[in-house]
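Worksheet: one structure, shown below.
The values are calculated or read from the model by the stated rules, or taken from the named source; none is laboratory data. This is a predicted model, so every value here is computed, not measured. Neighbour counts are summed over all protein chains in view; Cβ atoms, including those assigned to glycine, are modelled from backbone coordinates with ideal geometry. Just the protein is used for accessible areas: all its heavy atoms, side chains included, with ligands, DNA and RNA removed. Shrake-Rupley method; radii C 1.70, N 1.55, O 1.52, S 1.80 Å.
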Amino acid sequence: MGKCPSCGTWESLIEEIESKATKRRSERANGSNGANGVGSVEKLSDVIADHARRIHTGMPELDRVLGGGIVPGSVVLVGGDPGMGKSTLTLQVSTAVGSEERPSLYVTGEESLHQIKQRADRLGLNSSTINGVAETNIERIADIISGTDPSIVIIDSVQTMTTDMLESTAGSVAQVRECTALITRIAKSKGIPVILIGHVTKDGAIAGPKVLEHMVDAVLQFEGEGVYSYRILRAIKNRYGSTNEIGVFDMSATGLKEVTNPSEVLLSNRRSGEPGTAVVAVMEGTRPLLVEAQALVSNSGYAVPQRVSTGYDSKRLQMVLAVLEKRCGLAVRNCDVFVNVAGGIAIQDPAIDLGIAVAIASSVNETPIPESVSFVGELGLTGEIRRVGYLDQRISEATRLGFGRIYIPRAEQAPSQKNVTVAERLITVLNSLFTMRHDG
Ligand SMILES: Nc1ncnc2c1ncn2[C@@H]1O[C@H](COP(=O)(O)OP(=O)(O)O)[C@@H](O)[C@H]1O
Ligand SMILES: [Mg+2]
């Protein structure tokens, strides 16, 4: 059929031929559960919880994103655009986790073993702790895992894997789902951690069925801008830790290096004395991060002015513009407004609002914000600056990087630091920074 009788879309049907499947499937299920007995019932109090056992990846940044290291038997999906460094990261992890006695297993369906070795040599990795195999048949991989008992398994990538149970092509929804299901069962029953590499589609979602993200224990997403060498690893889902954590890495010729001072890196390209920029202390997970909000406001040549936002929610930008216009008398109605968070990090923390508003006002007024001033605060519709969490950490980070004045919302407990200015309304902040150019 060309058209789906259920939802009416064309060419969305995929053939799934289940060959000799039912038998094999039940065999595997029994085999893999053997250790614990098939679905044996146990009192939860008798089940030994291995809280302490986390496998360290040799990279504290990655460990933190994972919630303290890899949990044995967990399946982690790493997604990201091509060239982000998924293969590099997992190769580094597999050499760190593997040992001479119990090597890791690197399964490659995309590159040859030769290429993997070349990469390992370039990265200066000790490749004696890692076994490689170029294989795409998931049943054979399952047998290899059973036979070699690796310390960790890397599958690069899950879209290249196929199972004998289906005859559809590699990368199809059914194949990806079945391969992941099989590998998940093996990981859980043997307590071997598995890292799956997944492709990312044009719109940024991990290719394959959404169910893939449900099946695995953690989903990590690699983000980065082509022109920058640093990469951000973000936990989108994590059954063993917080999902707000990010790890920052720098991609160099010798592999991914951890960036322990991301604020400094993010602000390193900053040029002081330019109108339209403001430094904001945002939180990414449990870590404060200083980022630069940039704005450019210019008279529009269009009937409908443009509003373009990168790294900041465009609906919030509309809101900020309305507040600036209505509550602060800033004429932006007929202007094109471009907003950007420098460094290519998408910021979800609403505490960036104040900085965005100030950057826009700075551009309108053609007046730079003094170099040593930074901002924290969420904007409300009445132009009030609302409270945000983790105020102390934000102030400390800004202070550490030499900011002498930080505008903050009113807090229940006044912070101990001296270099803060409590601001209740946006208009007060703007008035203290600029001689405002009001519209007629
Ligand atoms: N010879 C090299 N020297 C320096 N960097 C390299 C070299 N080859 C590849 N890279 C870097 O490694 C990245 C590719 O990493 P890789 O782990 O293969 O990405 P992915 O698996 O996500 O597609 C490239 O973007 C590039 O920055
Ligand atoms: Mg790769």
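So Asn131 ticks every box in (1) of a type outside the set (Phe, Trp, Tyr); (2) within 16 Å of ligand 2 (Cβ to nearest atom); (3) in a strand (DSSP E or B) but one. Which box is left unticked?
Only one criterion in (1) of a type outside the set (Phe, Trp, Tyr); (2) within 16 Å of ligand 2 (Cβ to nearest atom); (3) in a strand (DSSP E or B) is unmet by Asn131, namely (2).
Condition first: within 16 Å of ligand 2 (Cβ to nearest atom) and either more than 20 Å from Cys179 (Cβ to Cβ) or not acidic (Asp, Glu) (or both). Can you find one or more residues in region 137-148 that meet it?
Among the residues of region 137-148, not one is within 16 Å of ligand 2 (Cβ to nearest atom) and either more than 20 Å from Cys179 (Cβ to Cβ) or not acidic (Asp, Glu) (or both), which makes the answer no.
Taking Glu178 as meeting all but one of (1) touching a strand residue (DSSP E or B) at 6+ places or on another chain (Cβ under 7 Å); (2) assigned to a helix (DSSP H, G or I); (3) within 24 Å of Arg54 (Cα to Cα), write down the number of the exception.
Result: Glu178 passes all but (3).
Out of Thr162, Thr180, which single residue is of a type in the set (Ser, Thr, Tyr) and within 26 Å of Ile232 (Cβ to Cβ)?
Thr180
How many residues are within 16 Å of ligand 2 (Cβ to nearest atom) and over 12 Å from the mean Cα position of the chain (by Cα) when one looks only at region 70-80?
Residues that pass the stated criteria total 1.
Within region 119-178, which residues are free of Cβ contacts under 8 Å to residues at least 12 places away in the same chain, away from ligand 1 (no atom under 16 Å from the Cβ) and closer than 26 Å to Met59 by Cβ?
Matches in region 119-178: none.
Restricting to region 66-87, name every residue that is within 16 Å of ligand 1 (Cβ to nearest atom) and out of contact with any helix residue (DSSP H, G or I) (no Cβ under 6 Å at 6 or more places or on another chain).
Val76, Leu77, Gly79, Asp81, Pro82, Gly83, Met84, Gly85, Lys86, Ser87
What residue, of Arg271, Arg239, is surrounded by fewer than 17 Cβ atoms within 10 Å (Cβ to Cβ), free of Cβ contacts under 8 Å to residues at least 40 places away in the same chain and among the charged types (D, E, K, R)?
Arg271
Filter region 68-114 down to residues that are part of a loop (DSSP other than H, G, I, E, B) and buried (at least 19 other Cβ atoms within 10 Å of the Cβ), then give me how many there are.
Here the count works out to 8.
Is region 117-127 home to any residue that is crowded, with 23+ Cβ neighbours inside 10 Å and out of contact with any Cys (no Cβ under 6 Å at 6 or more places or on another chain)?
Checking region 117-127: not a single residue is crowded, with 23+ Cβ neighbours inside 10 Å and out of contact with any Cys (no Cβ under 6 Å at 6 or more places or on another chain).
I'm checking my understanding of the structure. Among residues of region 182-227 that are open to solvent by 30 Å² or more (accessible area, probe 1.4 Å) and hydrophobic (A, V, I, L, M, F, W, C), which one is modelled with the highest pLDDT?
Looking at the filtered set, the residue picked out is Met215.
Could you list, in sequence order, all residues of region 150-181 that are hydroxyl-bearing (Ser, Thr, Tyr), open to solvent by 10 Å² or more (accessible area, probe 1.4 Å) and within 15 Å of ligand 2 (Cβ to nearest atom)?
Thr160
Mind checking which residues of region 304-315 are touching a strand residue (DSSP E or B) at 6+ places or on another chain (Cβ under 8 Å) and either open to solvent by less than 40 Å² (accessible area, probe 1.4 Å) or not hydrophobic (A, V, I, L, M, F, W, C) (or both)?
The answer is Pro305, Gln306, Arg307, Ser309, Thr310, Gly311, Tyr312, Ser314.
So Ile246 passes all but one of these: (1) open to solvent by 10 Å² or more (accessible area, probe 1.4 Å); (2) in contact (Cβ under 8 Å) with a residue 60 or more places away in the chain. Which condition number does it fail?
Condition not satisfied by Ile246: (1).
Out of the residues in region 1-47 that are of a type in the set (Lys, Arg) and exposed (fewer than 10 other Cβ atoms within 10 Å of the Cβ), which is modelled with the lowest pLDDT?
Within region 1-47, the match that is modelled with the lowest pLDDT is Lys23.
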